[in-house]
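Below: one structure, written as structure tokens.
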Amino acid sequence: MNRSLLLLLPLACLLASGCKSTMYQASFHQLPYRARLDRGAPFLKAHTLDGEVFVLADWKLDERRQRVVGNGLRYDVKRQVRARGALVVPYDRIVLLETNRPERVSTHNQFAAMILMTTASLGVTAFCLAYGVCF
Amino acid sequence: MPARALLPLVLALAACGFPPGVLERRNGFGGRPMKEPPDVSKVPVKGFQVSVTQRGDDDADRELEGELLAVDRKYVWVMVDDEVKRVPLPDVAGVELELYPSRAGWLGAWSGVGAASSASHGWFALVTGPLWLLAGVTSTITAAWANDIEVPLDRLHRLAQFARYPAGMPPPWGPTRAPRRSPPARPPASRPTPRPASQPTTRPASQPAPGPDEPGIQTDEPGMLRPPAL
């Protein structure tokens with residue numbers, strides 16, 4: 001029985017990984033207040049006046065040329081990808097800047113309970129099969 | 001074993017749910033920062049799912065479920081089945097915000113299979129069968145509600161942080177931002193440009209200064225981020 005329980009461990013680990021979700025901390029700043037941006041955030045979203053959004057990694061503000069540069073994707077108003085790669089967003093297109101930091105959040109603790117229940121249930125099944133005293 | 005199994009089950013279920021503080025996205029969600037950030041293409045660009053209850057004229061409430069598009073001074077905008085709907089703020093009777101998919105369907109199916117499998121337990125099924133049902137139903141129900149937060153009606157404007165367009169609705173659906181009345185006046189055809197930091201906003205004397213709880217995305221610093229002007 002112990003061996004069968006050990007075999008269940010990878011399954012439990014796999015299911016347990018489904019108990020977490022990636023969520024994004026976000027801070028918003030209008031362009032005039034860009035000095036307060038979270039410069040260490042891995043992602044920057046530049047929302048434009050016409051509803052597009054640029055999602056950039058490795059981003060930086062190019063104050064001399066009044067623009068944001070980075071690598072990422074440009075989505076249109078319907079959130080279809082329109083461009084990817086090295087992107088440049090002039091300041092005069094931007095209505096709002098948003099920095100994002102990803103975090104792993106425990107969101108499905110119920111899965112842990114179900115894994116426990118499944119493990120116990122399979123243990124009982126294994127016991128019944130091994131000793132034949134359940135029927 | 002079943003009795004021992006119940007304690008972690010209860011503890012695990014009791015740990016579900018988010019505090020109301022998550023309405024401020026800058027506070028994060030209480031998770032652990034990721035050392036290796038995901039690919040940039042994984043960063044979500046759509047709004048969170050919401051359920052908006054609208055007061056009807058005949059006292060019959062109507063519920064709109066869909067993606068949150070924007071929140072401005074007049075409306076909550078929601079995408080319902082590829083159609084843009086707006087609900088006037090005074091008509092909003094309640095809003096539920098879904099922070100992540102519940103996966104309650106998975107848990108329900110899992111519970112069903114688990115309960116059926118207790119047939120292999122022989123006489124022990126008299127105990128394990130009900131236990132499966134108890135654990136399954138409890139897990140499914142808590143999963144269904146633990147991912148939602150009820151938004152207080154006096155905090156509706158904070159919802160903009162969860163919207164696809166946090167700065168307000170863009171022109172294709174009709175601009176919700178009219179030309180600013182503050183000088184310098186621009187010709188109607190010109191595209192609005194962001195206000196420089198040094199330029200103060202002026203408003204009619206009768207209009208009160210924006211408070212910290214005005215609609216739209218704001219930070220804790222007054223004037224740092226203003227709601228879309230109408």
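Here is how the numbers come out for the structure above:
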| read-out | value |
| --- | --- |
| Cross-link reach list, aspartates and glutamates versus A:K45, counting only Cα pairs under 18 Å and skipping chain neighbours closer than eight places | A:D58, A:D62, A:E63, A:D76, A:D92, A:E98, A:E103, B:E24, B:D39 |
| Residues whose placed amide H lies under 5 Å from that of B:G28, excluding near-sequence neighbours | A:A26 |
| Three-way shape call for segment A:23-104 based on the alpha-carbon gyration tensor, with the a/c threshold at 1.5 | rounded |
| Number of partner chain Cβ atoms within 10 Å, mean per residue of B:159-165 | 3 |
| Cα centroid separation - segment A:39-97 against segment B:19-90, whole Å | 22 |
| Interchain or long-range residues, amide H under 5 Å from B:G168's placed H | B:V71 |
| Interchain or long-range residues, amide H under 5 Å from B:Q54's placed H | B:R62, B:E63, B:L64, B:A93 |
| Exposure proxy order (Cβ contacts within 10 Å, fewest to most) of B:W106, A:W59 | B:W106, A:W59 |
| Likely footprinting exposure, B:V52, A:V95, B:V45, B:V113, fewest C-beta neighbours within 10 Å first | B:V113, B:V45, A:V95, B:V52 |
| Vicinal HN-Hα couplings computed from phi for segment A:58-75 (Karplus, 6.51 cos²θ - 1.76 cosθ + 1.60; Hz; Gly/Pro x) | 6, 8, 7, 9, 9, 5, 4, 9, 6, 7, 10, 10, x, 10, x, 10, 10, 10 |
| Mean separation of Cα contacts under 8 Å, 6 or more apart, over the residue count of chain A: relative contact order % | 32 |
| Cross-link table B:K42/B:K85; A:K20/A:K60; A:K20/A:K78; A:K20/B:K74; A:K60/B:K42; A:K60/B:K85, entries beyond 25 Å C-alpha to C-alpha | B:K42/B:K85; A:K20/A:K60; A:K20/A:K78; A:K20/B:K74; A:K60/B:K85 |
| Packing rank of B:150-161, A:104-115, where each peptide gets the mean count of other beta carbons within 10 Å, highest leading | A:104-115, B:150-161 |
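FYI, it's all coordinate maths here, none of it is from the lab. Computed from a predicted model, the values in this text were never measured in an experiment. Methodologically, a virtual Cβ is constructed for each residue, glycine included, from the backbone with ideal geometry; neighbour enumeration extends over all protein chains shown.
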